[in-house]
Amino acid sequence: MRTSRMSNDSRQITERERQRRGGRPEPERRRKGEGRRTSEKERQGNSGRNVKAKEHQKREGDRKAASKDRQKLKRKKRRRRTLLLVFELLILSVLCVAGYAMLKLGKLDINILNPNKLEVYKDTGPYTNIALFGLDSRNGELEGGVQSDCIMIASINNETSDVKLISVYRDTLLMQEDGSYEKANAAYNRGGPEAAISLLNRNFDLDIRNYVSVNFSALVDVIDALGGLEVDMTQEEAFYSNGYAFETAQVVGKEMIKIDEVAGTQLLDGVHAVGYARIRYTTGNDFKRTERQREILKKTAEKAKQADLFTLNKIVNEVFPQISTSLSITDMLGFAANIMNYDIVETTGFPYAVTTDDSVRNHEGSYVVPIGFINNVTQLHQEIFGENDYMPSEKVKQIDQDIVWLTGVTEDTTAMKTTFEGDGE
């Protein structure tokens, strides 16, 4: 009975305790194993959450990677646009320069030659050979009917950009287009630049295909635009320069101021420089004259390379209309692009061995007769083109025989005494 009463009291206390706690029932004791099952579910839940977290991280990583790729693509596109812009500006600049050059080159008198009339005899390899004619033209005529007062060959080594200038003495006895023999300068007068180029190719086994012709008025303007040339002169040259300068000034319509007729270095303006180049009544006669021509041309080229754009533009505007050439605009642009690399390394006169003796048969007077024509042409190819194995063509052999027959001058003839030493540099 006591036990029963204690149990009832315990239940009453428990009931009172429950009521005191706010009527919440006493939590039931978990059944055996229930805690472990709940823990397993939690682990499964945690595992699921981990998977979702990883998937989220992966998606987030993919999103960031995609964002980086988009940024890289944008940067690449920006760089591409920048490069395209730079490229377009370069193209525009080139087109502007080319357009300017075309405009200026359009001032030239471009004369297209018939290649079938040029009598090209021999390929000289990596050389571009251009005929240069200085004309004694008083009326501006450039393409025939005038004497070529100056005849030169500019030989350009395309591999080294070295330039060699060869003066052909204008009174040299050479075969003309019709088979006759006359002075070299007669060809231009008779048939213009085509006939003159053919003469050089025919007689010297060359492959000249282009020419440039100027009258001395153009050279006067170039030298004046460059501020003149310093030239070391003898007293005799200074004296004759004044005389030729006076005549030149009358032709070109410029004022002539006399220079001091003394030996030494003098600054020559255009008319005096051209007058100096035309002198032939001094020691050396026409041979020394051609050397002076090459000297003036070389000094002009060297000074032009140092000129500013304003000066060059002035030269182009004033001089180009006085020039005739067969060079294409493409050719001239190519030469212009490389002009700073060209270097005149050698100048010489042709023929090397000559006579002007008045006793020469059939050609008395001012003819320059080659002594041993084949030997002269062979030396030309050796010195200008380095051809130590040069073999003369049948045409050159024929010319050699004709000159001997016409003049009686053979390769054993002693060269004239007035051939001065050092005609060449």
Requested in this report: Check region 373-386 and report whether any residue there is out of contact with any Cys (no Cβ under 6 Å at 6 or more places or on another chain), at pLDDT 90 or above and exposed (fewer than 15 other Cβ atoms within 10 Å of the Cβ).
Outcome: yes
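If a residue has to be assigned to a helix (DSSP H, G or I), within 34 Å of the chain's Cα centre (by Cα) and either closer than 17 Å to Thr283 by Cα or among the hydrophobic types (A, V, I, L, M, F, W, C) (or both) to count, how many in region 219-244 make the cut? Step through it out loud before you land on a result.
Residues of region 219-244 assigned to a helix (DSSP H, G or I): 219-225, 235-244.
Now restrict to residues that are within 34 Å of the chain's Cα centre (by Cα): 219-225.
Now drop any that are not either closer than 17 Å to Thr283 by Cα or among the hydrophobic types (A, V, I, L, M, F, W, C) (or both), which leaves 219-220, 222-223, 225.
So the count comes out to 5.
Is it the case, given these coordinates, that Ala304 is among the aliphatic types (A, V, I, L, M) and modelled with pLDDT of 90 or more? Full working, then the answer.
Working: among the aliphatic types (A, V, I, L, M): yes; modelled with pLDDT of 90 or more: no.
No; evaluated as a whole, the condition is false for this residue.
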Report task. Answer yes or no as to whether Thr248 is closer than 30 Å to Gln398 by Cβ, of a type in the set (Ser, Thr, Tyr), buried (at least 21 other Cβ atoms within 10 Å of the Cβ) and modelled with pLDDT under 90. Result -> no
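Condition check: surrounded by fewer than 18 Cβ atoms within 10 Å (Cβ to Cβ), at pLDDT 80 or above and under 24 Å from Tyr188 (Cβ atoms). Does Ser366 satisfy that?
no
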**Report entry** Criterion: under 30 Å from Lys314 (Cα atoms) and modelled with pLDDT of 90 or more - qualifying residue of Leu173, Leu267
**Finding:** Leu267
Report task. Identify all residues within region 333-354 that are in a loop (DSSP other than H, G, I, E, B), of a type outside the set (Ser, Thr, Tyr) and within 30 Å of Phe373 (Cα to Cα); write none if there are none. Result -> Pro351, Ala353
Query raised in the report: Tell me, which helices (runs of 4 or more DSSP H) lie completely within region 268-330 with 3 or more residues that are over 24 Å from Gly253 (Cβ atoms)?
Result: 285-305
Query raised in the report: Taking the stated definitions as given, is Glu141 more than 29 Å from Val409 (Cα to Cα), part of a helix (DSSP H, G or I) and either at pLDDT 90 or above or out of contact with any helix residue (DSSP H, G or I) (no Cβ under 8 Å at 6 or more places or on another chain) (or both)?
Result: no
Query raised in the report: Do we find that Thr347 is buried (at least 17 other Cβ atoms within 10 Å of the Cβ) and farther than 19 Å from Met152 by Cα in this structure?
Result: no
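The values are calculated or read from the model by the stated rules, or taken from the named source; none is laboratory data. Predicted model only: the values in this text are computed from it and were never measured. Please note: Cβ atoms are built from the backbone with ideal geometry, for glycine as well, and neighbour counts cover all protein chains shown.
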